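The values are calculated or read from the model by the stated rules, or taken from the named source; none is laboratory data. Since we're looking at a predicted model, the values are computed, not measured. Neighbour counts are summed over all protein chains in view; Cβ atoms, including those assigned to glycine, are modelled from backbone coordinates with ideal geometry. Side chains are part of the model used for accessible areas, which takes the heavy atoms of the whole protein and leaves out ligands, DNA and RNA. Shrake-Rupley method; radii C 1.70, N 1.55, O 1.52, S 1.80 Å.
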Amino acid sequence: MSESGDKLGKLLGNLTPTTALVLGSGLGGLVDEVEGAVRIPYAELPGFPRSGVTGHAGQLVAGRLSGTPVLMLAGRAHYYEHGDAAAMRPALQTLAEIGVTKLILTNAAGSLEPGMGPGSVMLITDHINFSGANPLIGEPTERRFVGLTEAYDRAISAAIEKAAAATGAPLFKGIYMWFSGPSFETPAEIRMARVLGANAVGMSTVPEVILARFLGLRVAACSVITNLAAGMTGAELSHQETKDMAPLGGARLAAILRRMFAEGVE
Ligand code: HPA
């Protein structure tokens, strides 16, 4: 057990969440809905990231959402901050140590589909790692050869779809392509991404999916669409736009997740 696992286990006491959420842009407000919240700044958990990106506070919040025990990571480390694709490994490892078995990742992303505009929510069904990076580079054991044929868990994804249908929120499904960032893509890169089969592009999540599968966690992921991707509208992209637009889809995704937790996640 890591020092963080030990510490977190003691802080949680009788609460034993088996599901964790990583909150991307636009979903940070979900921590305020946690009942009986225990809040722990990442700074108090050795190995947890020090995120410097605005719109990404660093704290772990545990409690109940719609009655179900849950653990939320508000704030993530991005590869583009330091070039370390494995920066989330200690945090995810800690979750696994304290009994988390299911991980739901959320992010903000650019859409490649004109019909999936800002405010849309996309369930990620598969990904394309276009960054050239991998969080398992340097892992010395043979466990590094992680299979990703079924990286995204069918049962959790189905529960998200069911919850979306129940809330009436439209839910797109598609493939997320990971670009390293921090610069946005060029229009030519976006045309390439579309040819390669992507439906959305973003700068996070994929390394966490790889790490989670490595750690034996079941994973599902959703994107909140903040913009049509580069070259699709003629407008320049900006982080400010991401922050401004994320709450729109974030509210929809929050409603879906609330509903899913009300039903319980198997
Ligand atoms: N590209 C990459 N990452 C993003 C985008 C985008 O257009 N929008 C939000 N995150």
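Tabulated values for the structure
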| read-out | value |
| --- | --- |
| Most to least packed among 153-161, 179-187, 62-70 [average Cβ atoms within 10 Å] | 62-70, 153-161, 179-187 |
| Proportion of all alpha-carbon pairs of segment 1-138 beyond 25 Å (%) | 28 percent |
| Ranked by how many other beta carbons lie within 10 Å on average, peptides 123-135, 212-224, 1-13, 193-205 from highest | 212-224, 193-205, 123-135, 1-13 |
| Rounded to whole Hz, the Karplus (6.51, -1.76, 1.60) HN-Hα couplings of segment 171-179, x for glycine and proline | 10, 7, 10, x, 9, 9, 10, 8, 9 |
| With all protein chains modelled, accessible area of residue 39 [1.4 Å, Å²] | 110 Å² |
| Lys/Arg +1, Asp/Glu -1 at C-beta; the chain dipole; positive extreme among 212, 124, 170 | 170 |
| Share, in percent, of DSSP beta bridges within the chain that are antiparallel, nearest 5 | 35 percent |
| Stretch gain in nm, segment residue 66-residue 161, where the contour uses 0.36 nm per residue and the Cα spacing is subtracted | 32.5 nm |
| Protein accessible area in segment 3-263, 1.4 Å probe - carbon and sulfur % | 53 percent |
| Rh by Kirkwood over Cα pairs, then Stokes-Einstein D for segment 106-251 at 0.890 mPa s and 25 °C, µm²/s | 156 µm²/s |
| 23 Å Cα-Cα reach of residue 7 towards lysines, excluding residues that sit fewer than 8 places from it in its own chain | 102 |
| Net dipole in debye of the chain [+1 Lys, Arg Cβ; -1 Asp, Glu Cβ; about Cα centre; nearest 20] | 340 debye |
| Alpha-carbon Debye profile of the chain, log10 I(q)/I(0) at 0.15, 0.17 Å⁻¹ | -1.07, -1.41 |
